Structures are given as C-alpha cells and as structure tokens.
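Here is the structure we will look at.
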Number of protein chains: 2
Amino acid sequence: MKYAALLVLLCMTVACSTDDTVATVEQWPHIPAGFPPVPVPADNPLTKEKAELGRFLFYDKQLSLDGTVSCASCHRSATAFSDAPNQISAGVESRRGQRNSPMIVNAAYAPTLFWDGRAPSLEEQAMAAFLSPVEMAADTFAVAAYLRRQYADRWVRVFGDTTVTMMRAMQAIASFERTLISANSRYDKFLRGDTAALSTSERRGMRLFFSDRTMCGECHGGPLLTDNKFHNIGLFFHYFDKGRYDVTGNLDDEALFRTPTLRNVALSAPYMATGDADPGIMMTLEQVVDHYNDGGKPFATKDKRVRKLGLSDQEKRDLVEFMKALTDSSVITDPRFADPFR
Amino acid sequence: MKYAALLVLLCMTVACSTDDTVATVEQWPHIPAGFPPVPVPADNPLTKEKAELGRFLFYDKQLSLDGTVSCASCHRSATAFSDAPNQISAGVESRRGQRNSPMIVNAAYAPTLFWDGRAPSLEEQAMAAFLSPVEMAADTFAVAAYLRRQYADRWVRVFGDTTVTMMRAMQAIASFERTLISANSRYDKFLRGDTAALSTSERRGMRLFFSDRTMCGECHGGPLLTDNKFHNIGLFFHYFDKGRYDVTGNLDDEALFRTPTLRNVALSAPYMATGDADPGIMMTLEQVVDHYNDGGKPFATKDKRVRKLGLSDQEKRDLVEFMKALTDSSVITDPRFADPFR
C-alpha cells in the first residue's frame with residue numbers, strides 16, 4: 001500500500017514535469033525532472049540574495065593570500081566547473097596539491113565532499129580549500145577587512161547585520177553551489193521522452209551501461225549518476241594515497257575513493273587522478289573503458305564488480321558515445337553561474 | 001699521528017693513480033682513485049665468472065613472467081643504467097609501479113637500496129624487482145627450469161654444482177652490479193689533477209656546490225656524491241608516499257627518501273620522482289636548482305639545510321654546469337657492461 005502510494009506520487013511528479021523547460025510558477029533553484037529537492041543545512045537557509053553574494057565570493061580572487069586564486073580558478077564553468085585538463089591545480093604562488101579538482105555541478109546533492117569524503121558539507125569543503133596552503137591560503141584577517149569594505153551592503157541584506165565571519169562567507173559560497181544544478185544533457189532529453197535525442201550507438205551504450213554485464217550503473221546510477229559511496233577500482237597494485245582510510249582509520253576503506261558523477265564527464269579529464277603517481281591517470285574516456293574492460297589490478301579492497309568484461313570494440317565505442325551524451329552544455333554558458341566580475 | 005699516516009696513505013693512493021687508465025697489475029673490479037674497496041657479502045664472494053653469469057642474467061628477459069622484461073629494461077646502459085626519461089617504468093604486461101627507477105652505476109657502495117632503503121643488499125633488491133608483480137613478476141618454477149637448461153655449464157663453473165636457486169641467480173646479478181663501477185667524468189679528471197677538465201663556470205659551480213652557502217655537498221658529498229642517508233627536501237605540503245617511514249615506522253622518518261648519487265645525474269631525468277602525484281617531478285637540472293634555491297615547502301621532517309639560497313642566475317647556471325660535468329660517458333659504452341645478447 002505504501003509502495004502503491006509512492007508509485008502514484010512518482011508518476012505524478014514525472015507527469016507534471018515531462019517538459020522541463022516550462023514552469024507556471026518560477027521554481028528556485030531550478031530542479032530538473034527526476035532530481036530530488038536540494039538538501040539545505042538548517043543553519044544556512046538558501047536565499048537568492050545569499051546565493052548571489054556567494055557567486056561573487058566564488059569568483060573573487062581577493063579571498064586568496066595573494067589575490068590570484070578564486071574558487072573558480074580550479075572550478076571553471078567552461079569545463080563543468082572542473083579544472084580540466086589539469087591533473088593538479090595551481091594554488092597561490094603556483095603551489096600544487098595532490099589530487100584532481102572535481103566538477104561541482106550538482107555537488108549540492110553530495111553527502112560528502114573531496115575524493116576521500118572528509119568534508120560533510122559544501123560549507124566545510126569550501127572552508128578547507130579557502131584555508132589550504134596549497135589552494136587559496138587565505139589570510140583571514142585581511143579577508144575579513146576586505147569583505148567588510150567590499151560587500152557591506154550585500155552582507156547586511158543577506159545576514160541581517162554587519163558581522164563578517166569566514167563561516168558566513170563559506171555559507172554564501174555553499175549557497176551559490178546549491179543553485180549550480182543542471183540536467184540538460186541529451187541523455188536527460190531522452191529520459192524526458194525525446195527518443196531522438198540519443199543516437200543508436202548512444203542508446204546501445206546506455207543499455208550496456210545499465211546492464212548486469214557491465215554494472216556501470218550500479219555505482220554511477222540514479223539521477224546524479226553516482227552512488228556517492230567509496231570504492232576501489234583496481235588502479236594500482238599498491239596505493240600510496242590511502243583515500244577513505246585516512247578519514248575512517250578502517251582498513252576496509254584503504255584506497256577507496258568517492259564515486260564521481262558521470263554527468264559532464266567528457267568535459268572533465270583527466271580521470272582517476274587521485275594522489276598516486278601518474279600511471280593510473282587517464283586522459284580519455286576510451287582509456288577509462290579499457291580499464292574497466294581489463295578488470296583492473298588485484299587489490300585487497302577492490303570492488304568485486306570490477307572484473308574482466310570482454311567487451312567488443314563496438315561495445316566500447318558505444319559506452320564512450322553514451323558517456324559523451326551526458327554533457328550538459330547549458331551549464332557552461334548559463335549567465336546565472338557566470339563570473340560577475342566580467 | 002693516526003691522521004698523518006692516513007694522509008700519507010691517501011697521497012700515495014692518489015699519486016699511484018693520477019692516470020686512471022694505466023695499471024701495471026690488472027685490478028678487478030677496477031676501482032677508481034679515491035673510491036673505497038667494494039663491499040662484498042661474506043656469503044657471496046665476487047668472482048669474474050659469477051659477475052659474467054650475472055651480466056647474462058641482468059640482460060635476460062626470460063627471467064620475467066612473459067619474456068619481455070629484464071633488469072636492463074629499466075636500467076639501461078645508455079642512461080647510466082636508469083630508465084630516463086620515464087617517470088615510471090613498465091613491467092610485464094605494461095604494469096607500472098609508483099617510483100622512478102634509479103641509476104645503478106656505483107650502486108655497489110649503497111648500504112641500502114630503493115628510495116626507502118628497504119633492501120639491505122643488492123641481492124635483496126634484485127630479488128624484489130624479480131618477484132614484484134609490477135616489474136618482472138617471475139614464475140620461479142619456470143625460471144628455475146630455464147636456468148638449468150640455458151646456463152648449466154656456467155652455473156657449475158660459478159657455483160660448483162648444478163643446484164639452481166633464485167638466490168644464486170640474484171647473487172650472480174648482484175656480483176655483476178658490483179663491477180658496475182665508474183668515475184671517468186670530467187669532474188674526476190679534474191680531481192686527478194687535470195685542471196683544464198672543468199670550465200671556469202663548472203669550477204665556480206663546484207665551489208658553490210661544496211660551499212656552506214648551498215650545502216649541496218653535505219648530502220651529495222664524498223666520492224659517490226651521496227651520503228646514502230634519508231632526507232626530506234620539502235617537495236610537498238603533504239606526502240602520500242611516506243618513504244622511509246614505511247620501513248621503520250618512526251614518525252621522524254616520514255617522507256624521507258634516500259639521497260641519490262649525483263654522478264651521471266644529467267642522464268637520469270626526471271628527478272624527485274617518488275610515489276606522489278606529478279607536481280614534485282622535475283625534468284631538468286634547472287628545475288632542481290630552482291627548487292633548492294626556493295627552499296622548498298615547509299614540512300615537519302624537512303631537512304633544515306634546505307632553505308632559501310638567494311642564488312643569482314649566473315650561480316644557478318654554474319651549479320647546473322657543474323652537475324653536467326659529473327657525466328661519465330665511458331660507462332655507457334663500456335663493453336664489459338653491455339648486453340651480451342646483442
């Protein structure tokens with residue numbers, strides 16, 4: 001009975017939103033059909049003015065130690081808010097970290113952030129990058145003075161008073177990120193009923209992707225195309241980067257990394273670029289498919305579903321074609337997400 | 001008194017060998033002037049026939065799982081027995097490890113091998129590479145049968161009986177490596193009295209290298225131009241590769257790595273290529289000098305002698321010129337070290 005009610009509700013939801021571009025009442029932030037509501041922390045209610053302040057802060061290089069780096073330096077709109085094609089991003093004074101910058105479109109839905117999931121919220125993720133010596137290396141005294149000077153009016157409108165704290169700044173940035181939601185790929189159009197949106201090869205790739213044979217969809221499934229969990233996929237015989245283990249201290253978590261969304265994956269090379277030396281890193285989706293087809297290296301914590309697949313060349317091409325159909329080019333050019341300083 | 005005697009002895013040694021190419025009695029293995037005697041383990045006496053067997057085994061690809069990889073695949077004579085310019089070497093089935101293959105000329109003198117010093121002898125180092133799944137991945141049953149078939153006569157001459165063990169094979173390889181000794185760089189010629197062997201810039205670089213100002217020679221000193229100890233030089237703010245710590249479990253050893261010899265350094269790029277992601281890796285000696293001149297990143301175990309140097313451009317060039325004068329091209333072409341299968 002409970003399930004029947006749920007099914008009715010689900011059908012209604014889908015029925016009400018088959019045409020994603022029409023909405024009688026403006027919905028904000030815009031939630032694509034099939035996407036869940038945006039989770040918002042109780043202590044950081046989402047408002048338009050806060051998100052707009054956050055957009056300014058996201059693009060403001062003055063928040064970094066030497067005025068050269070903003071959030072957007074390593075999360076650029078042109079590459080779906082990743083830092084493609086760089087394996088490692090440059091922070092202040094060209095300092096460099098160890099892991100690849102992920103995309104942040106639809107990051108609103110991620111229960112944990114960073115490859116090892118050590119940040120439980122967008123606020124904490126933003127704070128970590130803001131303070132990291134290899135990223136923005138913020139001088140918080142200088143930033144506080146700058147924010148008070150530069151953003152006084154907006155600040156009062158958003159927070160109700162002039163008190164500048166770094167956490168408030170991060171709350172604004174996280175609010176902007178929560179509006180960075182998009183699902184206008186050809187795959188989405190196909191799901192919304194436009195069967196011509198995908199080519200024959202892409203449709204073959206889609207079926208293969210979600211099949212029991214490849215099991216791609218087991219981790220890269222759901223509307224976000226990620227399970228937001230942690231897995232080892234057998235990149236190395238030995239990992240220096242211990243991934244999730246460094247967060248939990250649980251040996252079963254050794255060298256597990258968070259499943260990235262595959263939305264916009266074609267824009268976000270390189271792939272598999274966590275903290276180990278270069279051989280695991282792949283520049284093309286073809287290499288990614290080859291990795292999964294080969295089944296990866298044996299490793300104690302490797303997910304058993306990563307195993308030899310025996311795909312034909314055509315099947316491999318189909319999978320790549322399908323992944324390319326996950327690109328949502330609207331997010332790149334959307335003025336709501338663009339640099340306000342330009 | 002003791003020191004005076006030592007000094008006389010030292011002068012005699014130098015006097016007897018100012019011309020390194022002439023020797024009245026054949027010395028084997030050939031020890032350059034100023035080099036100590038070769039340390040040889042009590043259970044593996046060094047003989048010419050064993051070293052010659054070792055040369056064959058060093059170059060024999062049949063010792064690897066699929067017949068594609070020998071020791072010499074990643075320690076090629078043309079690059080002073082390193083795998084330059086590869087950051088990471090390819091083992092069987094193109095499997096790849098995580099750290100750069102070091103040069104092995106003069107490795108006879110190293111008290112420990114590998115970047116983290118986990119092998120206490122050449123025998124154990126060779127065994128580890130021979131068995132490593134990402135290097136030769138040897139099938140020891142198959143190798144034993146092959147050695148018995150292919151090397152029967154030599155084996156009896158070297159070991160006195162037909163018993164084939166993997167340790168004997170490694171002892172032969174280590175014996176070959178103990179003969180891989182060379183010091184015929186222009187720097188060596190300069191030390192032997194040929195003052196014209198170094199240019200003005202190289203001599204300036206040499207003085208700077210061994211000065212208290214740069215302190216290069218404190219770790220890269222002595223005849224081997226290495227202290228064979230472990231240091232952190234501030235490559236990263238964070239290291240995934242814990243280096244020596246993984247051997248000792250001592251936190252003071254976190255991210256320490258063995259000092260490489262600078263002999264033939266110009267042939268052995270990239271530099272600083274241990275297990276962390278790419279930004280620490282340098283392809284040129286100019287980058288190496290820039291790193292030391294900048295003083296590196298702060299890190300808990302960083303050697304205090306690595307600090308900002310304030311070198312002029314000319315001084316940096318001089319240091320690079322000096323390091324290039326450490327190249328011993330004779331070792332590359334020496335037929336005693338060459339592939340016997342060619």
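The values are calculated or read from the model by the stated rules, or taken from the named source; none is laboratory data. Only a predicted model underlies this, so the values are computations on that prediction, with no experimental measurement involved. Neighbour counts run over all protein chains shown; Cβ positions are idealised from the backbone, glycine included. Each accessible area value is taken on the protein alone, full model and side chains, heavy atoms only, with ligands, DNA and RNA left out. Shrake-Rupley method; radii C 1.70, N 1.55, O 1.52, S 1.80 Å.
Some values worked out for this structure:
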{"quantity": "Dimensions (Å) - region B:186-324, Cα atoms, principal axes, largest first", "calculated": "48, 28, 26"}
{"quantity": "Vicinal HN-Hα couplings computed from phi for region A:81-87 (Karplus, 6.51 cos²θ - 1.76 cosθ + 1.60; Hz; Gly/Pro x)", "calculated": "6, 10, 10, 3, x, 6, 6"}
{"quantity": "Whole-number D in µm² s⁻¹ for chain B, Kirkwood Cα-pair radius fed into Stokes-Einstein, 10 °C, 1.306 mPa s", "calculated": "75"}
{"quantity": "Largest-first principal axis extents of the Cα set of the protein assembly as shown (Å)", "calculated": "101, 62, 38"}
{"quantity": "Karplus-derived HN-Hα couplings along region B:271-277 (A = 6.51, B = -1.76, C = 1.60, θ = phi - 60°), whole Hz, x at Gly and Pro", "calculated": "10, 6, 8, 8, x, 8, 4"}
{"quantity": "Value at 222 nm in deg cm²/dmol, rounded to 500, when DSSP H runs of n ≥ 4 in chain B each add -39,500 (n - 2.57)", "calculated": "-10000 deg cm²/dmol"}
{"quantity": "Residues with amide H under 5 Å from that of B:N232, placed H, sequence gap 5 or more", "calculated": "B:F257, B:D303"}
{"quantity": "Rounded accessible area of B:C74 (nearest 10 Å², 1.4 Å probe)", "calculated": "20"}
{"quantity": "Rounded to whole Hz, the Karplus (6.51, -1.76, 1.60) HN-Hα couplings of region B:106-119, x for glycine and proline", "calculated": "6, 5, 3, 8, 7, x, 9, 10, 6, 4, 9, x, 6, 9"}
{"quantity": "Cα radius of gyration and Dmax for region A:295-342 (Å)", "calculated": "18.7, 50"}
{"quantity": "5 Å-binned pair-distance histogram of region B:27-82 (Cα, whole percent)", "calculated": "4, 15, 16, 20, 23, 13, 5, 2, 0"}
{"quantity": "Cα centroid of region B:173-199 to Cα centroid of region A:73-118, whole Å", "calculated": "48"}
{"quantity": "Heavy-atom accessible area, 1.4 Å probe, ligands and nucleic acids excluded: residues of region A:272-292 down by at least 50 Å² from chain alone", "calculated": "A:A277, A:D278, A:P279"}
{"quantity": "Accessible solvent surface per residue of the protein assembly as shown, calculated while the other protein chains remain in place, 1.4 angstrom probe, Å²", "calculated": "46"}
{"quantity": "Loop-located trypsin sites (Lys or Arg not before Pro) in region B:250-331 whose Cβ has at most 12 other Cβ within 10 Å (DSSP)", "calculated": "B:K304, B:K308"}
{"quantity": "Interface burial for A against B (accessible surface, 1.4 Å probe, total of both chains, Å², rounded to 100)", "calculated": "1800"}
{"quantity": "Solvent-accessible area of A:S182 with every protein chain in place, 1.4 Å probe, in Å² to the nearest 10", "calculated": "10"}
{"quantity": "Region A:194-252: chymotrypsin sites (Phe, Trp or Tyr not before Pro) falling in loop per DSSP and having at most 13 other Cβ within 10 Å", "calculated": "none"}
{"quantity": "Rounded Å value of the spacing that divides the Cα centres of region B:260-306 and region B:124-163", "calculated": "36"}
{"quantity": "Amide H within-cut-off set for A:G243, under 5 Å, with H built and near neighbours excluded", "calculated": "A:A255"}
{"quantity": "19 Å Cα-Cα threshold exceeded, pairs from A:K229/A:K302; A:K242/A:K302; B:K50/B:K189; A:K50/A:K189; A:K242/A:K308; A:K229/B:K242", "calculated": "B:K50/B:K189; A:K50/A:K189; A:K242/A:K308; A:K229/B:K242"}
